[in-house]
Each structure stands twice: as structure tokens, then as C-alpha cells.
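One structure is given here, and the rest of the page talks about it.
The values are calculated or read from the model by the stated rules, or taken from the named source; none is laboratory data. Quick caveat, the model's predicted, so the values are computed rather than measured. With ideal geometry, Cβ positions are generated from the backbone for all residues, glycine too; neighbour counts draw on all protein chains shown.
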2 protein chains.
Amino acid sequence: MEARHANEPARLDRIGTTTSNPGVGERQRERIIRAATVVFSRKGYDGARVEAIARKAGMPKGNVLYYFKSKKALYRVVIKQVLSLWLEALGNVAVDGNPEEAIRQYVNRKLALSRNHPEASRLFAMEVISGAPIINDHLSGELRRWVEEKGRVFKKWQEEGLMAKIDPAHAFFMIWAVTQTYADFEAQIQAVTGAKDYDQEIYSDAAGEVVDALVRGLGLKRDQGSSLQSA
Amino acid sequence: MEARHANEPARLDRIGTTTSNPGVGERQRERIIRAATVVFSRKGYDGARVEAIARKAGMPKGNVLYYFKSKKALYRVVIKQVLSLWLEALGNVAVDGNPEEAIRQYVNRKLALSRNHPEASRLFAMEVISGAPIINDHLSGELRRWVEEKGRVFKKWQEEGLMAKIDPAHAFFMIWAVTQTYADFEAQIQAVTGAKDYDQEIYSDAAGEVVDALVRGLGLKRDQGSSLQSA
DNA sequence: ACCTGAATTGACCGAATGGTCAACTTTACC
DNA sequence: GGTAAAGTTGACCATTCGGTCAATTCAGGT
């Protein structure tokens with residue numbers, strides 16, 4: 001008992017040596033995080049039971065508390081991982097090239113995130129709805145700066161008449177709202193559409209129209225000089 | 001102890017008689033519901049403490065359980081009230097008159113709902129994110145029928161070239177997503193914009209642009225024969 | 001074979017919480 | 001003013017849950 005409760009990724013040294021496998025407990029740790037993400041996203045922090053997480057991860061409760069010193073500590077790790085996923089996908093909006101193509105790509109990437117990580121999306125949503133007690137600093141720090149930076153590009157586009165005059169921040173809010181809704185409100189969309197295969201019918205079939213509507217709503221124009229096509 | 005645990009609005013008979021005031025405990029009941037809406041919307045079902053609700057309603061815990069036989073029963077009452085608020089605001093989309101004006105009005109009404117009842121919006125969101133365990137039937141029943149009905153009108157508009165070709169259901173999903181985001185993700189929007197006065201800066205100042213963007217995105221045209229103006 | 005530390009597990013504990021209850025107060029009606 | 005029901009309150013109970021711990025097993029190094 002020495003590596004106990006280390007919230008960092010644990011020692012990744014001596015990787016590749018014959019004897020030391022790629023992190024004995026590292027695999028466990030990841031299984032726990034994955035299970036916790038699912039449970040937290042459905043039940044919220046208080047509703048989630050440590051034992052439920054343990055069962056989903058296929059191990060006794062005690063083992064979960066062996067790797068994470070407390071439920072709260074586990075939650076922090078999970079939510080920060082989710083946040084970094086969010087910011088990462090946000091990361092690169094191709095500000096050069098034509099505006100339409102750039103945003104279209106961005107929206108699609110965001111939509112793919114909702115599709116491939118719906119639990120992460122829901123967990124993030126729950127955090128924010130609860131007042132973002134844990135990630136507030138990140139929102140008013142990193143995220144805010146990121147929006148300001150990209151916002152300047154939007155302003156330029158708007159001056160060139162390539163984008164509708166709308167507060168850049170709110171343009172992002174619109175995009176985020178629409179893309180996240182497909183993960184967060186899946187239950188509602190499922191109920192209303194009666195889709196048999198959500199993934200197929202919603203993301204594959206209908207998403208295209210929605211992206212078009214967003215691009216149209218933001219009044220994005222194809223830059224004259226550009227040659228990239230949206231396929 | 002006879003009217004105990006009656007989940008209905010309780011006897012509203014003999015209203016107006018001198019002696020019987022307008023529902024002695026009826027006022028209490030409403031205070032509890034209002035308090036519960038706030039607490040549930042921030043903490044989720046499991047995170048909400050009965051005692052916290054009681055404190056916010058200004059009475060001891062025992063009193064809350066006197067009016068509602070259990071926490072779960074209280075939750076059901078609260079969430080159903082929220083749902084009816086939702087459906088009520090959904091109720092009338094003026095399908096006659098010009099499409100642009102109709103939707104503009106609808107979006108504005110929905111936005112007002114987020115503004116005036118942010119807790120209700122958040123609670124609704126939490127329910128859905130959790131898989132809508134309680135209101136699922138309503139979603140796949142009432143709401144679904146409502147969307148189908150209004151959807152037919154959208155189809156007609158689309159055939160007349162007054163609206164962009166987009167699955168009507170998804171048009172609604174877009175509208176709901178954008179309008180709800182201002183209530184549900186208030187913490188994020190607050191953090192990113194740094195707004196001093198959320199209500200003013202967001203709803204009064206910025207909302208207009210967003211409504212415009214939505215209308216534009218859905219490709220809504222002003223019907224020729226109509227004379228109504230959007231002010 | 002032996003040793004050492006990591007990992008696993010189930011029993012156990014204390015705190016917190018939903019819910020009950022019995023005593024008490026207020027209100028409405030004769 | 002008497003009475004019965006409605007409403008109020010705090011003490012109390014049973015359960016659940018997060019977290020601890022000691023006992024045990026497992027893996028790698030010598």
C-alpha cells in the first residue's frame with residue numbers, strides 16, 4: 001500500500017520491460033472511471049452509489065475506494081476528464097479557410113462527440129445545471145478565453161459580410177445547445193420520434209439537415225478564394 | 001388526519017365562506033412545491049434533502065411529510081407541474097398567419113419561459129437526462145402527438161416554400177435546445193460572458209439576435225398575404 | 001522457496017437521511 | 001366555551017451508504 005489514492009495517472013515508468021505489464025492497477029483504474037462516468041451521468045453525484053459503480057466495473061466496493069480515496073475524489077477525476085474531452089474537441093476550429101466550411105466541420109465534430117460519448121455529455125450537462133460547482137473555474141477561465149479568441153475571428157468574418165451579425169459567444173451557445181441536445185435529451189428525442197435505432201436514424205439520417213440549418217442561421221458564407229468543399 | 005396525503009389540490013369546496021379561509025394548508029402545499037422545485041432542480045432527486053426543502057419553505061421537516069406522503073410523491077407532483085408548464089407554453093403555435101411570425105412568437109414565448117422559470121427548465125432537463133423515468137409516458141404520448149400535429153403544418157409550409165426542408169421534429173428539437181440552454185446552462189453562459197446582470201444582458205440584449213438566427217436557420221418566410229409585423 | 005509490497009475482498013462502523021409518531025396547538029363550527 | 005378535526009413540531013427509529021480495516025491472495029524479484 002503505497003500507490004494508494006494517487007489521483008494522477010500513476011507511474012508510467014518502466015513501461016515496456018518484460019515483467020511489468022502495462023499497469024496492473026492502471027487498467028482497473030480506467031475501468032472504474034468508465035463505469036463511474038456512466039453511473040454519475042445517469043444518477044447525478046448523490047444518486048450514484050459507490051457500490052453501483054463497483055458492480056458495473058466488476059469488482060467489490062472496497063476495491064473502488066482502494067483506487068480513489070473517496071467518492072468525491074472519483075467524481076472530480078471523472079468530471080475533469082469529461083471536461084478535457086469537451087475542450088479538446090473545441091480545440092481546433094479552423095479559423096482560416098472559408099467560414100462556412102470551418103463551422104460546418106466544427107459542428108460535425110461536436111455532433112460526433114455527442115454521438116460517441118453521450119454519457120460524458122450528460123455528465124457535463126448535469127454539472128452545469130447544478131451550477132458547475134466543480135468546473136466553474138475552468139468555464140470562466142480556459143473556456144472564456146477560448147471563446148474570446150475565436151470570437152475575434154467571428155467579428156472579422158462579420159465585418160467581411162461572411163457571417164451574420166450575432167454576438168460570437170451566443171453563436172457558440174447555439175451550436176453547443178443544438179449539438180448537445182442529441183445526447184442530453186436523447187430520452188425525449190427518442191420518445192418523440194419513436195426511433196428504433198437512435199444512432200442511425202438520428203445521427204446518420206437527420207443530423208445533416210440540422211447542420212445545414214445552423215450554418216444558414218449563422219449566415220455563414222463560403223469565402224470566395226477558398227477551394228475546399230464540404231464533400 | 002383525513003385530508004392527509006391527498007395529492008390532489010385538496011377540497012376547494014366551500015370557498016368564500018367567511019370562516020374557511022382560501023385553503024389553510026393549501027398555501028403551505030404550494031410553498032412546499034415551490035421550494036421543492038428549486039431544491040430538486042439544483043441537486044437532483046437524490047441530492048435533494050427533505051429537510052432542505054422544508055427549511056426553504058420555512059417549516060420543519062415533519063410538516064413537509066404531513067402534506068406529501070413521501071419524498072418521491074412530492075417529486076412526482078413537482079415534476080408533473082413542471083411538465084404541464086412546458087406543454088402549456090407549447091400549446092398554441094399559431095399555425096395560421098405567416099410562418100415566420102408564428103415561429104418567432106413561439107420561440108419568444110419559449111424563451112420567456114426559460115427566463116421566468118429557470119428552475120422548472122432545469123428540473124425538466126434533469127429528468128430527461130436521467131432517462132425520463134417518470135415523464136416518459138407523457139413524452140411518447142402527448143408530446144409526440146403534439147409534434148406530429150404541428151409537424152403537418154410545417155410540411156405544408158415547406159411545400160409552399162415558406163420553410164426550409166427539415167424534419168419538423170428536428171426543427172422543434174433545435175428550438176427547444178436553444179431556448180432551454182439559456183436556463184439550463186446559465187452557469188456556463190454566465191461564466192463565459194461574465195455578465196453582471198444575467199437577466200438583462202442575456203435575455204434583453206442578446207436574445208433577439210438568437211431568435212433571428214433561428215428563424216433564418218429554419219428558412220422561415222413571411223407569408224405574402226399576411227400583414228402582421230414582428231414589431 | 002522466500003520475501004515484500006500491491007491488490008482484493010468482505011465484514012464492520014458511524015453518520016446521515018427518509019419516514020413515523022405521539023404530544024401539542026390552532027382553527028372552525030355548534 | 002366546548003369539541004373535533006386540521007395542522008404543527010421535535011424526538012425517535014430503521015435503513016442505507018460512504019468509508020475503514022484486517023485478513024488474504026497475488027505477482028515479481030532474489
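Below are the figures for this structure:
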read-out	value
Answer from A:Lys80, A:Lys72 - the residue that is among the charged types (D, E, K, R), within 16 Å of DNA strand D (Cβ to nearest atom) and either surrounded by fewer than 22 Cβ atoms within 10 Å (Cβ to Cβ) or more than 15 Å from the chain's Cα centre (by Cα) (or both)	A:Lys72
Residue list for the stretch A:54-68, restricted to those being more than 17 Å from A:Val38 (Cβ to Cβ) and free of Cβ contacts under 8 Å to residues at least 40 places away in the same chain	A:Pro60, A:Gly62, A:Asn63, A:Leu65
Filter result (part of a loop (DSSP other than H, G, I, E, B) and either on the phi > 0 side of the Ramachandran plot or modelled with pLDDT under 95 (or both)) within the stretch A:180-208	A:Gly194
Search result, residues across the stretch A:160-193 that are of a type outside the set (A, V, I, L, M, F, W, C), surrounded by fewer than 21 Cβ atoms within 10 Å (Cβ to Cβ) and more than 7 Å from chain B (Cβ to nearest Cβ)	A:Glu160, A:Gly161, A:Lys165, A:Pro168, A:Gln190
Only one of A:Arg109, A:Arg31, A:Arg55 that is crowded, with 16+ Cβ neighbours inside 10 Å and either outside the structural domain of A:Glu186 (by TED's automatic domain parsing) or away from DNA strand D (no atom under 16 Å from the Cβ) (or both)	A:Arg31
Extreme residue, nearest to DNA strand C (Cβ to nearest atom), among residues of the stretch B:60-79 that are away from every other protein chain (no Cβ under 14 Å) and of a type in the set (A, V, I, L, M, F, W, C)	B:Leu65
